[in-house]
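*Asks:* Before anything else, here's the structure in question.
The values are calculated or read from the model by the stated rules, or taken from the named source; none is laboratory data. This one's a predicted model, so the numbers in the text were calculated from it and none came from an experiment. A quick note on method: Cβ atoms are made from the backbone with ideal geometry, for glycine too, and the neighbour counts reach across all protein chains shown.
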Amino acid sequence: MRNFILACCLLLTFASATGAQETGQPTGTIAVGADADQDAAIATRIRDILGELEGFDDVTVAVKSGIVTLRGSTLDSATSGRLNDLVGRIEGVVAIENEVAETTDVVRRLNPAVERFKARGLQVLAFLPLALVALSVFVLIVLFGFFIARRKQPWDRMAPNAFIADIYRQILRLLFIVGGLVVALDIVNATALLSGILGAAGIVGLAIGFAVRDTVENFIASIMLSIRQPFRPNDTVEIEGDTGKVIRLTSRATILLSFDGNHIRIPNATVFKSRIVNFSRNAERRFTFGLSVRPDADLDLARTVAHDTLEALPFVLKTPAVSVWVESIDDSWVTMNMAAWINQNDTSIVLARSEAIRLTQAAYDGAGLAADVPTYRLQHIGPAGAPIAPETAPETSATPRSVETPAPVQDTDATEDKQLQEIVDLERAEERSDLLRDNAAQE
């Protein structure tokens with residue numbers, strides 16, 4: 001019990017001491033004797049100190065028996081609170097009665113603000129020559145960087161195409177801008193601002209990146225396509241089901257010219273991720289078709305006739321060789337498949353396939369191998385289930401085809417492709433950005 005009472009007393013003593021320190025009251029032993037001279041000396045000392053400090057012009061001081069009473073007003077509560085710390089350090093002060101309040105006079109409150117603005121204006125004027133020097137250095141560094149970036153060499157030699165060279169130039173400009181900013185801030189001794197500026201720029205860049213994610217994706221895909229060059233101008237390609245001739249590759253999209261003369265614009269992000277079929281990469285191109293022969297025909301003869309007919313065509317290449325094979329056997333005919341190769345730069349594949357079908361069919365007709373038109377017999381069943389003889393003439397076989405001498409081989413020149421190439425060349429002649437090069441290495 002005694003220990004508990006002692007602990008409570010210690011806690012109360014500590015709380016009292018803390019409260020005294022928090023209120024700014026003086027601590028220590030109070031002297032027994034006190035006179036008017038000492039009080040007057042304390043008051044004079046406090047007035048002299050307050051007179052030298054700013055913000056205490058309206059504060060009055062009264063001292064009696066070592067107790068200091070402060071009255072009046074200050075600009076703010078913080079200034080009033082400083083009085084306790086200041087007066088408490090005077091020797092002989094026993095207690096402090098701080099009755100100073102925060103002033104509500106508009107003029108008194110505005111005067112310090114005006115003074116601060118004047119002081120800051122003078123600081124700006126004094127700082128202006130140094131700021132102009134820093135700005136001049138920044139401009140000189142940036143102009144020097146832009147001058148180097150505008151030069152064709154070494155960027156055109158280092159980059160695989162003009163698009164990548166422009167990216168190098170943009171990166172160089174950005175580096176010189178950041179370098180000039182660092183030097184300028186160092187001149188004015190404000191390099192601490194650089195981290196804040198770069199942090200804010202990073203946050204803004206991240207937000208913009210999320211906002212224009214598709215645009216950024218297309219831009220990156222454009223860089224990859226310009227480096228890889230999966231096709232060249234005038235190549236016939238198929239991308240995502242769209243077929244046409246390549247006009248140009250821009251920084252956002254790949255532009256095709258369809259065989260109907262329409263422009264097809266495909267985003268580069270789609271092109272980069274899609275399956276690309278390039279029909280123009282190899283000059284040799286194969287066409288296939290199927291024809292039917294009679295089910296009782298000599299299939300080896302049918303294969304030989306088709307092979308010799310295709311091989312004799314002037315536009316069919318000798319290598320790779322012509323191929324003929326049996327595809328299927330049906331109820332009324334046997335399907336034969338044929339394949340041949342052409343040089344698509346000289347021959348239209350559409351016309352070549354059409355001419356090959358015409359001449360091979362004529363050869364089958366001349367050899368009597370072509371499948372007949374299938375005939376059907378209809379039998380009517382009477383009420384008792386007995387067949388009823390038809391009133392028409394008895395069934396006859398189909399009328400055989402008349403065999404005529406086939407016309408000469410028609411012109412299969414790739415005229416349509418050449419005309420489309422001329423249209424593409426006219427489109428490319430316009431002054432527009434293009435990332436494709438005719439002599440670029442393809443992947």
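*Asks:* Out of everything in the range 318-345 that is within 22 Å of N234 (Cβ to Cβ) and either in contact with a strand residue (DSSP E or B) (Cβ under 7 Å, 6 or more places away or on another chain) or not assigned by TED's automatic domain parsing to the domain that holds G290 (or both), what residue ends up being surrounded by the fewest Cβ atoms within 10 Å (Cβ to Cβ)?
*Replies:* First, the residues of the range 318-345 that are within 22 Å of N234 (Cβ to Cβ): 341-345.
Now restrict to residues that are either in contact with a strand residue (DSSP E or B) (Cβ under 7 Å, 6 or more places away or on another chain) or not assigned by TED's automatic domain parsing to the domain that holds G290 (or both): 341-344.
Values: W341: 21, I342: 24, N343: 16, Q344: 20.
Among those that are within 22 Å of N234 (Cβ to Cβ) and either in contact with a strand residue (DSSP E or B) (Cβ under 7 Å, 6 or more places away or on another chain) or not assigned by TED's automatic domain parsing to the domain that holds G290 (or both), it is N343.
*Asks:* Restricting to the range 143-163, count the residues that are surrounded by 17 or more Cβ atoms within 10 Å (Cβ to Cβ) and in a helix (DSSP H, G or I).
*Replies:* Taking the range 143-163 as the starting set, the residues that turn out to be surrounded by 17 or more Cβ atoms within 10 Å (Cβ to Cβ) are 145, 149, 155, 159, 161, 163.
When the remaining residues are screened for being in a helix (DSSP H, G or I), the result is 145, 149, 155, 163.
Number of matching residues: 4.
*Asks:* Restricting to the range 30-85, give me the number of residues that are assigned to a helix (DSSP H, G or I), closer than 12 Å to I96 by Cα and among the polar types (S, T, N, Q).
*Replies:* Within the range 30-85, residues that are assigned to a helix (DSSP H, G or I), closer than 12 Å to I96 by Cα and among the polar types (S, T, N, Q) number 1.
*Asks:* Check the range 268-277 and report whether any residue there is over 30 Å from L174 (Cβ atoms), surrounded by 13 or more Cβ atoms within 10 Å (Cβ to Cβ) and not assigned by TED's automatic domain parsing to the domain that holds F163.
*Replies:* Step one: filter the range 268-277 for residues over 30 Å from L174 (Cβ atoms), giving 274-277.
Adding the requirement that they be surrounded by 13 or more Cβ atoms within 10 Å (Cβ to Cβ) leaves 274, 276.
Now drop any that are not not assigned by TED's automatic domain parsing to the domain that holds F163, which leaves 274, 276.
Yes - at least one qualifying residue is present in the range 268-277.
*Asks:* Which condition number in (1) within 60 Å of the chain's Cα centre (by Cα); (2) buried (at least 18 other Cβ atoms within 10 Å of the Cβ); (3) not charged (D, E, K, R) is the one that V63 fails?
*Replies:* Among (1) within 60 Å of the chain's Cα centre (by Cα); (2) buried (at least 18 other Cβ atoms within 10 Å of the Cβ); (3) not charged (D, E, K, R), the lone unmet condition for V63 is (1).
*Asks:* Please determine, by comparing only the residues of the range 66-82 that are farther than 22 Å from A36 by Cβ and aliphatic (A, V, I, L, M), which one is surrounded by the most Cβ atoms within 10 Å (Cβ to Cβ). Please lay out each step first, then the result.
*Replies:* Filtering the range 66-82 down to residues farther than 22 Å from A36 by Cβ leaves 72-82.
With aliphatic (A, V, I, L, M) added as a condition, the list becomes 75, 78.
Numbers: L75: 18, A78: 10.
Only one residue tops the list, namely L75.
*Asks:* If a residue has to be in contact with a Leu (Cβ under 7 Å, 6 or more places away or on another chain) and more than 28 Å from A221 (Cβ to Cβ) to count, how many in the range 133-176 make the cut?
*Replies:* First, the residues of the range 133-176 that are in contact with a Leu (Cβ under 7 Å, 6 or more places away or on another chain): 138, 145, 148-149, 161, 163.
Imposing the further condition that a residue be more than 28 Å from A221 (Cβ to Cβ) reduces the set to 138, 145, 148.
Residues meeting the conditions: 3.
*Asks:* Among the numbered conditions (1) free of Cβ contacts under 8 Å to residues at least 24 places away in the same chain; (2) assigned to a strand (DSSP E or B); (3) not hydroxyl-bearing (S, T, Y), tell me where I266 comes up short.
*Replies:* (1)
*Asks:* Then there's this: Determine which member of the set I197, I203, I227, I208 is more than 16 Å from L174 (Cβ to Cβ) and surrounded by 12 or more Cβ atoms within 10 Å (Cβ to Cβ).
*Replies:* I227
*Asks:* Criterion first (at pLDDT 85 or above and within 27 Å of the chain's Cα centre (by Cα)) does G179 satisfy it? So that I can check it myself, show each step before the final result.
*Replies:* On the way: at pLDDT 85 or above: yes; within 27 Å of the chain's Cα centre (by Cα): yes.
Yes, satisfied.
*Asks:* A101 fails exactly one of the following numbered conditions: (1) over 30 Å from L70 (Cβ atoms); (2) outside any loop (DSSP other than H, G, I, E, B). What is the number of that condition?
*Replies:* Here A101 clears every test but (1).
*Asks:* Also, I was wondering about something else. Check F210, F259 and return the single one that is under 23 Å from the mean Cα position of the chain (by Cα) and either outside the structural domain of L130 (by TED's automatic domain parsing) or modelled with pLDDT under 85 (or both).
*Replies:* Result: F210 is the single residue among F210, F259 that is under 23 Å from the mean Cα position of the chain (by Cα) and either outside the structural domain of L130 (by TED's automatic domain parsing) or modelled with pLDDT under 85 (or both).
*Asks:* Could you tell me which of the residues F289, F259 is surrounded by fewer than 20 Cβ atoms within 10 Å (Cβ to Cβ), among the hydrophobic types (A, V, I, L, M, F, W, C), in contact (Cβ under 8 Å) with a residue 24 or more places away in the chain and assigned to a loop (DSSP other than H, G, I, E, B)?
*Replies:* Working: F289 fails: assigned to a loop (DSSP other than H, G, I, E, B).
Among F289, F259, only F259 is surrounded by fewer than 20 Cβ atoms within 10 Å (Cβ to Cβ), among the hydrophobic types (A, V, I, L, M, F, W, C), in contact (Cβ under 8 Å) with a residue 24 or more places away in the chain and assigned to a loop (DSSP other than H, G, I, E, B).
*Asks:* Let me ask you something else. Taking R157, is it of a type outside the set (A, V, I, L, M), over 23 Å from M224 (Cβ atoms), modelled with pLDDT under 85 and under 37 Å from the mean Cα position of the chain (by Cα)? Step through it out loud before you land on a result.
*Replies:* Values: of a type outside the set (A, V, I, L, M): yes; over 23 Å from M224 (Cβ atoms): no; modelled with pLDDT under 85: yes; under 37 Å from the mean Cα position of the chain (by Cα): yes.
Taking the combined requirement at face value, the residue does not satisfy it.
*Asks:* Hey, among the residues in the range 235-256 that are of a type in the set (S, T, N, Q) and part of a loop (DSSP other than H, G, I, E, B), which one's farthest from the chain's Cα centre (by Cα)?
*Replies:* The first filter runs over the range 235-256 and keeps only residues of a type in the set (S, T, N, Q), leaving 236, 243, 250-251, 254.
When the remaining residues are screened for being part of a loop (DSSP other than H, G, I, E, B), the result is 250-251.
Numbers: T250: 15, S251: 11 Å.
Selected residue: T250.
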